[in-house]
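Okay, structure first, notes after.
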C-alpha cells in the first residue's frame, strides 16, 4: 500500500484539487515549486535553524513513568506542547512562511479556529516582517479572547468571518475568498493537512519533523527505533500526519487516530468524521466529510476548538479506508478526564485536543513490553477557562 | 472533439443566431422564496434575458461574494435542495424557451449522484452545467461522459490570470460558452469605476480573449451591474452574466415581475 500522494494530489480515493479557476494559478505555483524549494540546502538550513533556535526543537520524548505504570506499559510523550507558541502548529508556519518568501509573496493570510494556528502564523510573520491577516469565525473570536489578543499584539489583523456558521469552516472559506481576490502577492497558510493538493502533502512534510525526532529519540532511549503504537488526535489531522509520517511504511507500528466525539457520536453534537462522514468535497479536496443527505456541510461540535472541523485530511481518509490507521473517538467528558489524569500523574497540563489522544490509553490492551508514543500536540494554558469549570 | 459534444441544443442555437449583447441572468434557486424559482425564470424570459442560470444553493460557496452567499443561506433556510429544484423545474419547457443553465458546487451534486444529476437535468430541459470547483483533470477523467451522454454543455471559467495555453486547453474541453471572470475576484466584487487602470487592463484582457479566435463563445461575469458595465463587457465578447446585482434587487421585492422588468430595462437601456 502506498501512502504518499500521487501527481494529481490523491491518496487512494481521496485528495485532488477541487478549486475554482480563480485559485488555479496560485495553487499551481505552489504545486510546481514546493518540493524543489523545500529540499534546497539553504531552505533546509534556515528551516532547521528556526525549528531549533526559535521554536525550541527537538522537543523532548518524555518517558511518562507514572502513566506507564497505571496502564502497565511503556508510554512516551512527544512534547510538542513545549514548542514556542504552545503547539506543533509552528512547525508548519515556519516552513510555509519561508516558502512564501522564496515565492516572493508579501502578504500572509491564514484561518484559525481556536487561534493556535493564527498565533503561530502571526508569530512567524512578526519574526520575518510580513503583513499577516488571520480569518477567525465571529463565534470563535468571542470564545478565544486571549489568542485574539496575542495575534493583535504580534501585529496581525484579525478579521471576523461572519458568513455561514461563523466558525473554523467559515474562516477557511473567507481565507480562500481573500486569496481569490488577491491572486498575486499573497500566500495562504493552511494550518492543517486539508485543502487542495499540494497543501495536505506540504503540511505533512513540514510536520514530519515530529516522527523524525521520535525515531531518533526512541533509539537513544530504548533499543529500537520503531514503537508499537503511535497515538495522536485528529481534527484536520496535522499533528497526527506529522507523528505518523515516518512510520507509515512500517506495518508493525500501529497508528491510532483519535477523533472528537463531542457529546457522543449519535448526539448530533460531534466531530467524529470517520464515524459519521461520507466522501465529499470541502475546501478543495475530496475526503470524508460530515454532511446532510443533500450534501450541505454539517457544523461539528467538540469541547476542543482545534478538533471542531467537519472533515479530515485526505491522507487520514485514506489511512482510515485502507485500515492502516485505527480510528477511535473520545467524548468531551472522556477528554476532560484524561487531561486531569495527565496533570496529576505527570505534572503536565495538556491541550484539550491532545487529551483526546490520551483517552485512547484506556481503550487499548497494551502488552507490558509495548512502546507507546502519544503525541502531546499542545499545552493546556489556552483551555484553562474550560478546565476551571470542571475542577 | 466527439460528435456528441457538437450536438446542438438551445444554447448552441442561441449562439449560432446571435453573436453580441447576450444577457445571461443568474438567480439562486429557492430565492427570494422557496417557490419563486419558476416565477423568476418566467420574469427573466418575459423581460428579454437571453439565458437564465439557476444557482444550486450550498453551505460553503467559496467562489461567491457576500450577496450570493447570503442568497444561498436564505435558499437553504427556505428548504431548497436538488430534488426539490428538479421537481420545480419539471414542467418548465411548457413555457420557457430560453436556454437554462444550472450552476452549483461539487459536493451537493456528488451526494445526489453525478450521473443521476445529469439525467435529471436533461429530462427537465436544462442545457448546460457550471460547477466551478470541478477542475479539468477530474472532469475529463471521471465525469465528462455523463454530461455528453445527456447533451449537457459544460462551461469552464477563465480569469485574467489564466495563461493563454491553459485558455486553449479549456476551450478544447469546454462546450456551450467560456465564462470569463472579469477580474480576479469572488462574485459581486466590482472594479472601482474610478480606477481607469483597472478598467483598461480588464478591457485588454477581454480583447485578448476575443482575439484568440476560440471555438466557444465568451460571456463575461463578475461585477457586471448596470448598462455601462454590461456594454463594456460586451465590447470584445458575446455578452455578459449578471448575478449579485439582480439578487440584491430581488431582496425585498414585492413583485418579482416588476423588479425584473425595471432591472433589465436599466441593463439594456
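The values are calculated or read from the model by the stated rules, or taken from the named source; none is laboratory data. It should be emphasised that the depicted structure is a prediction, and the values quoted were computed from it without experimental measurement. Backbone-built Cβ (ideal geometry, glycine too); neighbour counts: all protein chains shown.
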| task | Give the range A:329-357 a look and list any residue that's touching a helix residue (DSSP H, G or I) at 6+ places or on another chain (Cβ under 7 Å) and farther than 25 Å from residue A:83 by Cβ, or say none. | result | A:329, A:334
| When you go through B:146, B:139 one by one, which is the residue that is assigned to a helix (DSSP H, G or I) and away from chain A (no Cβ under 13 Å)? | B:146
| message | Considering only residues that are touching a helix residue (DSSP H, G or I) at 6+ places or on another chain (Cβ under 6 Å) and more than 30 Å from residue B:109 (Cα to Cα), which ones fall in the range A:15-42? | response | A:34, A:37
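Does the range B:107-127 contain at least one residue that is in a loop (DSSP other than H, G, I, E, B) and within 12 Å of another protein chain (Cβ to nearest Cβ)? It would help to see each step written out before you state the result.
Applying the first criterion (in a loop (DSSP other than H, G, I, E, B)) to the range B:107-127 yields B:113, B:125-127.
With the extra rule that they be within 12 Å of another protein chain (Cβ to nearest Cβ), the set shrinks to B:113.
Yes: the range B:107-127 contains one or more residues that are in a loop (DSSP other than H, G, I, E, B) and within 12 Å of another protein chain (Cβ to nearest Cβ).
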| said: Regarding the range A:13-26, can at least one residue be identified that is away from every other protein chain (no Cβ under 14 Å), in a loop (DSSP other than H, G, I, E, B), modelled with pLDDT of 95 or more and out of contact with any strand residue (DSSP E or B) (no Cβ under 6 Å at 6 or more places or on another chain)? | reply: no
| task | Determine if the range B:69-77 includes at least one residue that is crowded, with 24+ Cβ neighbours inside 10 Å and touching a helix residue (DSSP H, G or I) at 6+ places or on another chain (Cβ under 7 Å). | result | yes
| request: Determine whether residue B:85 is in contact with a strand residue (DSSP E or B) (Cβ under 9 Å, 6 or more places away or on another chain), closer than 30 Å to residue B:185 by Cβ and within 14 Å of another protein chain (Cβ to nearest Cβ). | output: yes
| query | Pick from A:122, A:145, A:126: which is more than 30 Å from residue B:134 (Cβ to Cβ) and without any contact (Cβ under 8 Å) to a residue 12 or more places away in the chain? | reply | A:145
| message | Looking at the structure I just gave you, is residue A:204 within 14 Å of another protein chain (Cβ to nearest Cβ), modelled with pLDDT of 95 or more, in a helix (DSSP H, G or I) and buried (at least 22 other Cβ atoms within 10 Å of the Cβ)? | response | no
| note | In the range A:34-43, anything in a helix (DSSP H, G or I) and more than 19 Å from residue A:109 (Cα to Cα) is listed as A:35, A:36, A:37, A:38, A:41, A:42, A:43
| request: Determine if the range A:68-82 includes at least one residue that is within 22 Å of residue A:309 (Cα to Cα) and touching a helix residue (DSSP H, G or I) at 6+ places or on another chain (Cβ under 6 Å). | output: no
| task | Return the residue satisfying two criteria in turn: it lies in the range A:135-189 and is part of a loop (DSSP other than H, G, I, E, B) and more than 13 Å from every other protein chain (Cβ to nearest Cβ), and of such residues it is nearest to residue A:85 (Cα to Cα). | result | A:154
| Residue count, the range B:50-68 (criterion: more than 8 Å from chain A (Cβ to nearest Cβ), part of a loop (DSSP other than H, G, I, E, B) and surrounded by fewer than 24 Cβ atoms within 10 Å (Cβ to Cβ)) | 1
| Can you find even one residue in the range B:207-217 that is more than 14 Å from chain A (Cβ to nearest Cβ) and either in contact with a strand residue (DSSP E or B) (Cβ under 6 Å, 6 or more places away or on another chain) or more than 28 Å from residue B:12 (Cβ to Cβ) (or both)? | yes
| note | Flagged in the range B:91-101 as touching a residue at least 12 places away in the same chain (Cβ under 8 Å), more than 15 Å from residue B:157 (Cβ to Cβ) and outside any loop (DSSP other than H, G, I, E, B), in numbering order, are B:92, B:93, B:100
| Any hit, the range A:44-62, residues being closer than 30 Å to residue A:368 by Cα and not in a loop (DSSP other than H, G, I, E, B) | yes
| field | Answer from A:115, A:137, A:95 - the residue that is under 22 Å from residue A:210 (Cα atoms), modelled with pLDDT under 95 and surrounded by 21 or more Cβ atoms within 10 Å (Cβ to Cβ) | value | A:115
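If we keep just the residues of the range B:163-176 that are outside any helix (DSSP H, G or I) and under 16 Å from residue B:134 (Cα atoms), which is farthest from the other protein chains (Cβ to nearest Cβ)?
At the first step, the residues of the range B:163-176 found to be outside any helix (DSSP H, G or I) are B:163, B:174-176.
Cutting the leftovers down to under 16 Å from residue B:134 (Cα atoms) gives us B:174-175.
Numbers: B:174: 11, B:175: 16 Å.
Top of the filtered list is B:175.
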